[in-house]
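Nothing in this text is a laboratory measurement; each read-out follows from the coordinates by a stated rule. Computed from a predicted structure; not experimentally measured. Note that each Cβ is placed from the backbone with ideal geometry, even for glycine, and that neighbours are counted across all protein chains shown.
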Amino acid sequence: MLPWHTLRLAGRCLLPLVMWYSAGQLVRFGLLVGGTEMSHGSMRDLRLALTMLVFILMVMVFLVVTAGMFASLRGALWEIRARRGDGDRDERFSDGLSRVIVPFVVLYLSWGWYTDDVRDFYNTDIQRQSSQYGALGAFYDFATGASMDTGRGLIDLSYTITFVIVVAAFVGRYFCAIWYERGESRTAAFALALCELSFFYYGAQVVASRGDWVGGRAAYGWWKDLLGTLDLHIPGWETFWGLVGEVWPYVWGALVLPGVWLTVAILMYGAYAEDTRTVIRGTRLEGGAVRAGDMITARTHSLTRQLLTRFFGRWGHWVPFAHTVRLTVRGGAPLFGLFALCFAALHVGEGYARRGVLYLIGTDHPQLAWDVLLVPANFAIELVVTVLTTCLLAATFDIAAGAERRRRAAGVSGRTAETARTRPSPHAPSGTSPVPPGSPVPSGSRSPR
């Protein structure tokens with residue numbers, strides 16, 4: 001049912017999906033080219049600061065396009081139609097985008113998706129500089145003997161300017177968060193997302209520019225010594241983590257990455273949950289969690305609770321993922337397995353499609369012809385994979401949400417039937433029920449004998 005529903009969604013909503021993806025790729029290409037060109041020339045600090053801003057706007061465009069592709073599928077989902085039947089109004093795209101942009105940014109940063117954007121920016125800069133100065137001239141000026149600044153547009157901004165921007169982004173994020181929590185306006189949502197991305201990217205540049213300083217701190221040395229001590233005194237410690245390092249890429253690609261993208265789909269369609277109590281509601285863990293929360297609240301100071309929240313917040317991105325797994329498994333445990341299998345099959349098929357295209361094109365072509373041949377082919381392959389992946393995520397949510405709706409309806413019907421069986425009938429009073437009163441006795445004089 002899942003593959004058929006995926007193809008059904010792709011067939012019904014193909015045109016808006018293609019339009020969203022094509023527009024997003026066009027804007028992304030323009031920002032990539034503009035950002036890489038801006039990173040070279042005079043007034044370098046100003047150029048690099050603006051380059052990072054252009055890069056952040058490119059990330060925002062990716063988030064908006066992703067939300068638009070999911071929104072274009074809303075009208076074809078069974079769950080959305082059921083909500084309309086219940087009287088819910090359709091959410092406007094601008095309202096939905098302001099609702100999802102902030103948690104989407106959190107998921108984007110928490111799960112490391114920024115590495116793909118950084119890699120694309122780096123490769124675009126190398127490609128454009130190599131086409132202008134040659135493969136070696138892009139990194140080394142043979143006339144002066146100086147090294148070139150190729151691929152350094154995101155890391156070469158001076159430490160002072162970067163630190164000032166980080167502080168400004170942190171302060172802006174604080175006030176925008178208060179603004180967003182009070183009013184949840186569209187402007188506050190976009191401002192908070194922009195400050196969040198700015199704080200992360202400029203902050204990462206601060207850390208990267210002071211990598212030697214961090215490596216020379218006593219705390220860093222103590223941490224390395226602790227890990228070395230664990231390797232020596234715990235049997236199998238190094239072997240265990242080596243095995244984890246070998247297995248984790250497969251677990252990530254086959255289970256975690258599909259689940260995280262499904263979390264994004266659930267976020268887009270309004271069933272997102274990042275509160276732990278919401279995730280475990282209705283399970284055996286709910287009672288224990290409530291008791292533990294009450295005990296912590298009663299026996300700890302507010303500052304201690306804040307420190308614990310910040311410490312465990314490092315793993316907070318796993319809470320929405322757990323909600324995703326729970327919702328999908330409630331729709332049937334095979335559903336998540338079939339979804340992960342289809343997700344992996346799409347990306348494996350993408351690799352074989354690229355190899356097939358290269359085989360059909362052949363190798364007997366001049367160097368300049370490769371861009372003419374490969375750019376359209378890669379665009380078509382990525383378009384097909386992105387459209388099918390988006391439809392697969394929406395279809396999985398649709399099936400899981402429909403199963404959850406039926407489960408809740410069955411539970412309500414069961415409770416209603418149980419109540420009807422235990423409620424006494426008004427037409428058949430029980431043996432202990434009082435006798436209903438008769439007609440009133442008239443007052444006044446009695447009849448004469």
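For the reader, a short list of remarks on this structure follows.
- Counting other Cβ atoms within 10 Å as a rough exposure proxy, the listed residues 185, 94 run 94, 185 from fewest neighbours to most.
- Going from the residue with the fewest nearby Cβ atoms within 10 Å to the one with the most, 163, 397, 93 rank 93, 163, 397.
- Both numbers refer to the Cα atoms of segment 161-209; Rg and Dmax are 11.4, 38 Å.
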